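Data first, discussion second: the structure below is written as structure tokens.
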Amino acid sequence: MTDENTPEGGGETRRDFIHIAAASMAAIGGAAVIWPFIDQMNPAADTLALGTTDIALGELEEGQEVTIMFRSMPHFVRLRSASEVEDAANVQVSSLPDRLARNRNLDDNAPATDDNRSALTAEIADGVEISDDLRRSLLVTSASCTHLGCVPTEGAGEFGAWFCPCHGSHYDTSGRIRRGPAPENLPIPPMTFISATTLRLG
Amino acid sequence: MSGPSTYEPKTGFTRWLDSRLPIVRLGWDSFVDYPTPRNLNYWYTFGGILTVCLMIQIITGIVLAMHYVPHIDYAFASVQRIDRDVNFGWLIRSIHAVGASMFFLAVYMHIFRGMYYGSYKAPREILWILGVVIYLLMMAAAFLGYVLPWGQMSFWGAMVITNLFGALPLIGEPVTQWLWGGFSVGNETLNRFFSLHYLIPFLIAGVVGLHIWALHVPGNNNPTGISVKTKADTLPFHPYYTVKDGFAIVVFLIIFAGFVFYAPEVLGHADNYIEADPLVTPAMIVPEWYLLPFYAILRAVPDKLGGVILMFAAIGVLFILPWLDTSKVRSMRYRPMARWFFGFFVVACLGLGWAGAELPDTMVPGLGALGVDFLLFGRVLTVYYFAYFLVILPLLGFVEKPSPRPASIEESVLNGDKPAKAGAAPAAQPAE
Ligand code: HEM
Ligand code: FES
């Protein structure tokens with residue numbers, strides 16, 4: 001035993017080790033206690049339970065739009081007129097601010113063509129017959145502006161579809177951002193035709 | 001607190017108390033015999049006014065909480081009930097709502113005062129930073145409180161502000177969901193906002209305590225910016241400043257009461273009397289007037305993340321102001337160039353507020369012919385706002401020639417605030 005290993009000798013001692021170990025345990029313990037107090041603010045189990053919402057298509061007329069709630073977020077359901085579909089289909093994807101379809105029914109990197117945005121991408125339950133025209137003219141998107149979450153106004157803006165009053169974002173008849181501060185196209189939820197007149201979200 | 005305590009307990013009880021809890025001594029040294037520069041003007045009364053504002057908000061708030069129901073199905077109705085049915089509910093709610101605006105009015109005066117007289121400079125940097133912390137907490141409290149009545153502006157204001165955090169890369173979505181407690185602004189959100197709105201004013205009260213502690217170490221700055229040198233430069237706080245502050249508080253309360261009784265709604269938005277509807281955003285959403293300048297800065301940037309960063313930077317830059325201003329002279333009274341730039345800065349802040357209240361593509365009245373819309377207007381003013389802190393103040397310290405300063409506070413008072421005759425003033429001392 002040399003003097004170095006005593007506190008007076010200035011070397012490392014068992015007491016230093018105990019101090020460091022105790023302080024570390026206290027820090028880990030503290031962090032472990034903080035976590036529940038942070039995590040309690042995250043969505044609770046009942047909030048997380050994913051719901052589905054059924055939309056009765058029979059009540060929609062051509063050119064008509066309804067706003068519905070799906071998983072506590074507003075969504076647009078729009079039965080577009082032929083000219084609206086055509087306008088949207090004629091746009092070059094390369095000219096769009098956001099070139100991704102943002103469609104939960106497709107791959108993450110699918111391009112933002114109008115076909116990739118419409119209900120053509122919805123799943124069809126076994127045995128359900130539904131026309132391509134109806135599927136193409138139907139558009140279901142989130143109604144939360146991808147800028148800061150306002151609900152854009154229908155039938156307004158430069159592209160005749162939606163205009164967000166909050167900070168001036170213009171969306172086209174495919175729900176794609178065309179001008180303004182919003183960075184992304186309006187996202188499209190998972191969809192399934194469960195009958196010829198019912199679309200299920202979720 | 002400069003100097004030894006002058007408190008002398010006179011009765012048996014106060015002597016007994018003083019040797020156990022010297023609380024009377026603390027009050028005496030802080031608010032009675034506290035040596036205060038003898039030249040403080042009315043711009044220096046806003047600190048006392050702010051203290052009154054905080055007390056008013058806390059008292060009226062606690063009373064409102066006795067009748068308010070923090071649930072999305074009942075919140076709006078419970079607020080209507082306070083206005084219509086609760087005894088004097090209309091009065092108490094009006095005081096609380098108008099009070100928030102008056103609080104911000106006072107804090108802006110208080111901050112501009114500090115910026116003009118260089119009160120943020122050594123040795124008051126911590127005092128200044130604590131002030132900015134109070135200001136941040138005030139903004140948080142006001143935002144959370146505005147959500148509680150659950151009207152259309154409440155809901156959509158909450159939506160837009162919480163979504164700001166969604167601009168953060170990677171953690172954006174988890175953070176917003178954590179703030180909401182769900183996938184959107186909802187009941188969980190309203191509940192926690194109520195809890196936090198109740199908490200924050202007490203945090204503010206705590207920081208105000210630190211703020212005043214930090215004030216009483218170096219003592220007040222004053223309109224000349226010159227440090228106190230002798231006792232002749234000061235007056236005891238009581239009765240000189242208790243009376244001056246008291247008079248200002250009374251005038252302030254008269255204006256306050258004018259709003260409460262004759263125009264309780266002029267500072268609000270009619271849309272907030274429509275119950276929150278998550279399916280419809282009002283045609284025009286704007287924040288309360290006191291947040292408008294920051295809203296204009298947010299919109300000045302075409303990029304979502306960039307706008308959010310710049311908006312927070314507009315407040316963040318206040319924290320480092322003490323180190324951005326390189327001038328050795330505190331008060332702009334003796335800074336012939338800085339006072340002009342400061343004047344423009346105040347105008348720019350007002351202009352940003354105006355830009356924030358208008359739609360970005362509306363033309364600015366009078367400037368429409370030049371093609372200046374509120375977006376461009378806001379952008380130009382945003383550039384000036386940041387240039388003031390990041391370019392002008394750092395450079396001015398090197399290029400500006402300060403005008404002569406009086407030798408002491410006492411002398412400035414005796415000479416009717418005119419600077420000393422040439423030659424009489426000592427060379428600029430560090431941070432005077
Ligand atoms: C609830 C809010 C606040 C309260 C109650 C409060 C209270 C006070 C009081 C009582 C004083 C002393 C009297 C006076 O000089 O006016 C003071 C001084 C001061 N405050 Fe505040 N204050 C608040 C917010 C702020 C903010 C937001 C800032 C700056 C960002 C600030 C910066 C200062 C400075 C720099 C001084 C020293 C002034 C000087 O001696 O020239 N305060 N405050
Ligand atoms: S929320 Fe739609 S443009 Fe800002």
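The values are calculated or read from the model by the stated rules, or taken from the named source; none is laboratory data. Note that the structure is a prediction, hence the values are computed from the model and not measured. Positions of Cβ are generated from backbone atoms using ideal geometry, with glycine treated the same way; all protein chains shown enter the neighbour counts. Note: accessible area is taken over every heavy atom of the protein model, side chains too, but ligands, DNA and RNA are not part of it. Shrake-Rupley method; radii C 1.70, N 1.55, O 1.52, S 1.80 Å.
For the range B:262-272: of the residues being in contact (Cβ under 8 Å) with a residue 40 or more places away in the chain and open to solvent by 40 Å² or more (accessible area, probe 1.4 Å), which is farthest from ligand 2 (Cβ to nearest atom)?
Initially, the range B:262-272 is screened for residues in contact (Cβ under 8 Å) with a residue 40 or more places away in the chain, giving B:264, B:267-269, B:271-272.
If we keep only those that are open to solvent by 40 Å² or more (accessible area, probe 1.4 Å) as well, we get B:264, B:267, B:269, B:271.
On the way: B:PRO264: 30, B:LEU267: 24, B:HIS269: 17, B:ASP271: 16 Å.
The extreme case among them is B:PRO264.
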Of the residues in the range B:86-137, those that are open to solvent by less than 10 Å² (accessible area, probe 1.4 Å), more than 15 Å from the chain's Cα centre (by Cα) and more than 11 Å from ligand 1 (Cβ to nearest atom) come to B:GLY89, B:VAL98
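Collect the residues in the range A:166-202 that are assigned to a loop (DSSP other than H, G, I, E, B), surrounded by 21 or more Cβ atoms within 10 Å (Cβ to Cβ), at negative phi and over 17 Å from the mean Cα position of the chain (by Cα), keeping them in residue-number order. Please lay out each step first, then the result.
Taking the range A:166-202 as the starting set, the residues that turn out to be assigned to a loop (DSSP other than H, G, I, E, B) are A:166-168, A:172-176, A:180-187, A:189-190, A:196-197, A:202.
Keeping just the survivors that are surrounded by 21 or more Cβ atoms within 10 Å (Cβ to Cβ) gives A:166-167, A:172-176, A:180-182, A:185-186.
Among the residues that remain, those that are also at negative phi are: A:166-167, A:172-174, A:176, A:181-182, A:185-186.
Those that are assigned to a loop (DSSP other than H, G, I, E, B), surrounded by 21 or more Cβ atoms within 10 Å (Cβ to Cβ), at negative phi and over 17 Å from the mean Cα position of the chain (by Cα): A:CYS166, A:HIS167, A:ASP172, A:THR173, A:PRO181.
Restricting to the range A:154-165, name every residue that is more than 10 Å from ligand 2 (Cβ to nearest atom) and surrounded by fewer than 24 Cβ atoms within 10 Å (Cβ to Cβ). So that I can check it myself, show each step before the final result.
Kept after step one, since they are more than 10 Å from ligand 2 (Cβ to nearest atom), are these residues of the range A:154-165: A:154-161.
Once the filter is applied, which keeps residues that are more than 10 Å from ligand 2 (Cβ to nearest atom) and surrounded by fewer than 24 Cβ atoms within 10 Å (Cβ to Cβ), the range A:154-165 yields A:GLU154, A:GLY155, A:ALA156, A:GLY157, A:GLU158, A:PHE159, A:GLY160.
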If B:LEU170 meets every condition in (1) surrounded by fewer than 21 Cβ atoms within 10 Å (Cβ to Cβ); (2) in a helix (DSSP H, G or I) apart from one, which number is that one?
(2)
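Here's the yes/no breakdown for (1) assigned to a helix (DSSP H, G or I); (2) open to solvent by less than 40 Å² (accessible area, probe 1.4 Å):
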site	(1), (2)
B:SER327	no, yes
B:PRO336	no, no
B:PHE344	yes, no
B:LEU359	no, no
Could you list, in sequence order, the residues of the range A:41-65 that are closer than 16 Å to B:GLY186 by Cβ and open to solvent by 60 Å² or more (accessible area, probe 1.4 Å)?
A:ALA45, A:ASP46, A:LEU48, A:ALA49, A:LEU50
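Inside the range B:298-346, can you point out the residues that are among the basic types (Lys, Arg) and away from chain A (no Cβ under 13 Å)? I'd like the intermediate steps shown before the answer.
Step one: filter the range B:298-346 for residues among the basic types (Lys, Arg), giving B:299, B:304, B:328, B:330, B:333, B:335, B:339.
The answer is B:LYS328, B:ARG330, B:ARG333, B:ARG335, B:ARG339.
This table checks each residue for (1) within 16 Å of ligand 1 (Cβ to nearest atom); (2) within 14 Å of chain A (Cβ to nearest Cβ); (3) of a type in the set (Val, Ile, Thr).
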site: B:THR11; (1), (2), (3): no, no, yes
site: B:ARG15; (1), (2), (3): no, no, no
site: B:ASP18; (1), (2), (3): no, no, no
site: B:TYR42; (1), (2), (3): yes, no, no
site: B:ILE49; (1), (2), (3): yes, no, yes
site: B:THR60; (1), (2), (3): yes, no, yes
site: B:PHE76; (1), (2), (3): no, no, no
Which one is surrounded by the fewest Cβ atoms within 10 Å (Cβ to Cβ), of the residues in the range B:275-297 that are in contact with a Ser or Thr (Cβ under 8 Å, 6 or more places away or on another chain), more than 9 Å from every other protein chain (Cβ to nearest Cβ) and more than 16 Å from A:MET69 (Cβ to Cβ)?
B:TRP289
Check on A:ARG99, away from chain B (no Cβ under 14 Å) and open to solvent by 50 Å² or more (accessible area, probe 1.4 Å):
yes
Please go through the range B:175-189 and pick out each residue that is touching a residue at least 24 places away in the same chain (Cβ under 8 Å) and more than 7 Å from every other protein chain (Cβ to nearest Cβ).
B:VAL185, B:ASN187, B:THR189
